[in-house]
Amino acid sequence: GDLDKVVNLLLSLSGRLARVETALGSLGPHAPAEHKLALREKQRLLVAQLEDAKELKEHVGRREEAVGAMVARYLPADHLQDYQHFVKMKSALIAEQRELEEKIKLGQEQLRCLRESL
């Protein structure tokens, strides 16, 4: 459960940071200084939060290793391999699911814009 939460947190913060950086990059030279300053402050906060989330993921990883070592004492080798595969795939599948959700959201937004332009 913690792994799910941390991976989702990392993906969320990364996505938010990417959007802020895109917004910063798209600001023209005549953009209000207050707007630029606000975006830079948001970027700074998101970078700090992302670093904290990475540390949290490392902590969860160490705990996962400790649990894995304990589980290894009680499971037969084939079940242990299944368990290890499950844990590795879980993060990858969460990331993939989040990416697909973002693509669906983007597609729906583009479709809405197309309908409005007609």
Using packing as a proxy for protection, rank 41-48, 66-73, 109-116, 13-20 so that the peptide with the highest average count of other Cβ atoms within 10 Å comes first. 13-20, 41-48, 66-73, 109-116
Subtracting the Cα-Cα distance from 0.36 nm times the residue separation, let me have the gained length for HIS59 to LYS36 in nm, one decimal. 4.8 nm
Charges on Cβ only, +1 for Lys and Arg, -1 for Asp and Glu, centred on the Cα centroid of the chain; of VAL71, VAL6, ALA38, which one is farthest towards the dipole's positive end? ALA38
Distance in nm between ASP4 and ASP78 label points, each 7 Å along Cα→Cβ, equals 2.9
Across 10 Å bins from 0, what is the distribution of all Cα-Cα pair distances for the chain, in whole percents? 11, 27, 27, 19, 10, 5, 1
Which distance in Å, rounded to a whole number, links the C-alpha centroids of region 1-54 and region 60-118? 22
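Bear in mind these aren't lab numbers, they're just calculated from the coordinates by the rules spelled out. Since this is a predicted model, take the numbers as computed values, not measurements. In this analysis, Cβ positions are derived from the backbone assuming ideal geometry, glycine residues included, and neighbour counts consider all displayed protein chains.
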